[in-house]
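Structure first, commentary second.
The values are calculated or read from the model by the stated rules, or taken from the named source; none is laboratory data. Everything numeric here is computed off the predicted structure, so don't read it as measured data. Glycine also receives a Cβ, built like all others from the backbone with ideal geometry; neighbour counts cover every protein chain displayed.
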Amino acid sequence: MGRINGILRRRIQQNNHDSESNQMKNATKNSYWMVKQEPETYSWDDFVQDGSTDWSGVRNYQARNNLRDMKVGDRVLFYHSGKGKEVVGLAEVVKSAYPDPTAADDQWVAVDLKPVKALTNPVQLAAIRYDKRLSQLPLIRQSQLSVMPLTKDEFDVIVAMGNGKARRK
């Protein structure tokens, strides 16, 4: 009986260890996003000068839900909407969702972002539309959405385009 209990105890410990390892792998898996901002209101240069910012003031339910899903370490493309219409830089989530300080209602959230680096060549909306690998991008399909998820492939394609390494597929 003692031997069986020992074997069961070791299996339980191993299962707990495996479960913790899987949770850690899932916790460290980054997601990818795009945020849109009018450069006349808050540009990439303003963002870089500030060093970080709270991404607040979002009042669209779908965009809010996307903010809620953002986690520390997630990678973010910074897109200039309005004038320019181009992806200009890379950012990172440094604080996950918390109550939006600009809202009177707790249903709205903000996240904190920090700039990582500017793209060597901003990626124009026209180039994004032209690339078949990006045909399902929310930027094209839901152009009014200010915070949107990206796949790793979509993120990588845009970053490669911005660094002059794009290949046609």
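If you go through region 139-153 and keep only what is assigned to a helix (DSSP H, G or I) and surrounded by fewer than 17 Cβ atoms within 10 Å (Cβ to Cβ), you end up with 140, 141, 152, 153. Criterion applied to 163, 121, 66 was being at pLDDT below 95, surrounded by 13 or more Cβ atoms within 10 Å (Cβ to Cβ) and of a type in the set (S, T, N, Q), and the one residue passing it is 163.
Output yes when any residue across region 70-79 is in the same structural domain as residue 142 (by TED's automatic domain parsing), surrounded by 21 or more Cβ atoms within 10 Å (Cβ to Cβ) and of a type in the set (Phe, Trp, Tyr), and no when none is. Scanning region 70-79 turns up at least one residue that is in the same structural domain as residue 142 (by TED's automatic domain parsing), surrounded by 21 or more Cβ atoms within 10 Å (Cβ to Cβ) and of a type in the set (Phe, Trp, Tyr).
Tell me, please, whether a residue that is farther than 19 Å from residue 31 by Cα and either of a type outside the set (Gly, Ala, Ser) or part of a loop (DSSP other than H, G, I, E, B) (or both) can be found in region 60-67.
If we filter region 60-67 for residues that are farther than 19 Å from residue 31 by Cα, which is where we start, we get 60-61.
Retained after the next criterion (residues that are either of a type outside the set (Gly, Ala, Ser) or part of a loop (DSSP other than H, G, I, E, B) (or both)): 60-61.
Checking region 60-67: at least one residue is farther than 19 Å from residue 31 by Cα and either of a type outside the set (Gly, Ala, Ser) or part of a loop (DSSP other than H, G, I, E, B) (or both).
A count restricted to region 68-109 and to residues that are of a type in the set (Lys, Arg), free of Cβ contacts under 8 Å to residues at least 60 places away in the same chain and outside any loop (DSSP other than H, G, I, E, B) stands at 2.
Scanning region 133-160 for residues that are modelled with pLDDT under 95 and not hydroxyl-bearing (Ser, Thr, Tyr) yields 136, 137, 138, 139, 140, 141, 142, 144, 145.
Within region 23-31, does at least one residue satisfy the condition of being outside any loop (DSSP other than H, G, I, E, B), of a type in the set (Val, Ile, Thr) and modelled with pLDDT under 95? Scanning region 23-31, I find at least one residue that is outside any loop (DSSP other than H, G, I, E, B), of a type in the set (Val, Ile, Thr) and modelled with pLDDT under 95, so the answer is yes.
The listed residues are 114, 169, 83, and the only one of them that is at pLDDT below 95, closer than 19 Å to residue 43 by Cβ and surrounded by fewer than 18 Cβ atoms within 10 Å (Cβ to Cβ) turns out to be 83.
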